[in-house]
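Rule-based calculations on the coordinates, nothing more; no lab input. These numbers were taken from a predicted model, which means no experiment stands behind them. Methodologically, a virtual Cβ is constructed for each residue, glycine included, from the backbone with ideal geometry; neighbour enumeration extends over all protein chains shown.
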Amino acid sequence: MKKNLGAKMFFTPLPVLVIGTYNSAGIPDAMNVAWAGQCGPKAVALNIGSHQTTENLKLKKCFTLAYANRDNEAQADFVGLVSGRKDKDKIKETGWKTSKSSRIDAPVFEDFPLTLECRVTEMKEVSESEFRVVGEVINMIADQHILNEKGQIDIDRLQPILLDDTAGVYRIVGEKVGSAFHDGKQFKSISKDN
C-alpha cells in the first residue's frame with residue numbers, strides 16, 4: 001500500500017558541492033550548495049538563495065565547484081553554516097589552501113580532489129530570494145590519486161559525499177550494483193540504431 005505524503009520534496013542523490021567565488025575586493029568565498037546538478041553535456045545548474053556568493057556570481061560571472069568528500073565533510077558543512085557576508089575569513093578557519101584559477105576569475109580549493117571551473121551562462125531570479133544559475137564547465141581539475149588507469153575519475157577513490165536531506169546527514173557514495181547502458185539489454189533486443 002502506498003501513502004500520500006503531501007507536497008514534500010525527496011530527491012536524491014544530492015551531491016555536496018562547494019562553490020568558490022571572489023568578492024569585489026578579491027577575497028575568496030566558499031558556500032556549500034546541495035541543490036545542484038548536471039543539466040547538459042558540459043553544463044551545471046545551481047539553485048541558491050541570496051548570499052554573498054550570489055553577489056559574487058553577478059559580479060564575476062564565473063565560479064568553481066569542488067566535490068566534497070569524506071576528507072573534507074566537516075569543513076564543507078561549515079562553509080554552508082557561516083555567512084560570507086558576516087565572516088570574511090571563513091575559508092581561513094577551514095584551513096583550506098586556495099589558488100587562483102588560470103582560466104576564470106575564481107578560487108580553486110587545493111584541498112578538494114575534484115573541481116569544475118565554470119562560466120555563468122545564465123542567472124535568473126526565480127523568486128525574491130532564489131536564483132537559478134547555469135554554468136558552462138570549461139575545465140575539470142582532478143588530483144592524480146582519484147584517477148583510474150584510463151585517466152578517468154574513479155568514484156571509489158574520490159569518495160564524494162551526498163546530502164540525505166530527509167535524515168539531515170551526509171552519506172558516502174556506495175557500492176556498484178550494475179553496469180550502465182548494459183544491464184537493461186536483457187529485457188529486449190537492442191537494435192544497432194538505439
From the square roots a ≥ b ≥ c of the eigenvalues of the alpha-carbon gyration tensor of segment 67-109, which class results: rounded (a/c under 1.5), prolate (a/b over b/c), or oblate? oblate
Virtual spin-label span in nm between V137 and F10, 7 Å along Cα→Cβ: 2.8
Could you list which residues have their amide H under 5 Å from that of M31, counting only those 5 or more apart in sequence or on another chain, with H placed in the peptide plane? I19
Within the chain, excluding any chymotrypsin sites (Phe, Trp or Tyr not before Pro) found in a DSSP loop (not H, G, I, E or B) and having at most 12 other Cβ atoms within 10 Å, the longest uninterrupted segment runs 12-180
Just want to confirm a number: the relative contact order over the chain, from Cα pairs under 8 angstrom separated by 6+ residues, in percent. 22
Stretch A45-F187 to full length: gain in nm at 0.36 nm per residue minus the Cα-Cα span? 47.8 nm
In the set (i) 0.97; (ii) 1.01; (iii) 0.93, which value of Rg/Rh (Cα atoms, Kirkwood Rh) was calculated from the structure you see? (ii)
Pick out, in residue order, every one of the GluC sites (Glu not before Pro) in segment 108-170 that is DSSP loop and has at most 14 other C-beta atoms within 10 Å; say none if there are none. E110, E128, E149
Name the residues whose placed amide hydrogens come within less than 5 Å of the amide hydrogen of L14, ignoring near sequence neighbours (fewer than 5 apart) on the same chain. L163
Ignoring trypsin sites (Lys or Arg not before Pro) that are buried or in helix or strand per DSSP, and keeping those with at most 11 other beta carbon atoms within 10 Å, what is the longest stretch of the chain between them? 9-85
Note the full-extension length gain between K150 and M123 as 0.36 nm times their separation in residues minus their Cα-Cα distance, in nm to one decimal. 6.2 nm
Note down the relative contact order for segment 79-141 as a percent, whole number, built from C-alpha pairs under 8 angstrom at least six residues apart. 23
Anisotropy class of segment 15-118 from Cα gyration tensor, a/c 1.5 cut: rounded
Can you tell me the relative contact order of segment 1-40? Whole percent, Cα pairs under 8 Å, sequence separation 6 or more. 35
I'd like the Karplus ³J(HN,Hα) series for segment 125-137: coefficients 6.51, -1.76, 1.60, θ = phi - 60°, whole numbers in Hz, and an x wherever there's a Gly or Pro. 7, 9, 7, 4, 10, 9, 10, 10, 10, 10, x, 8, 6
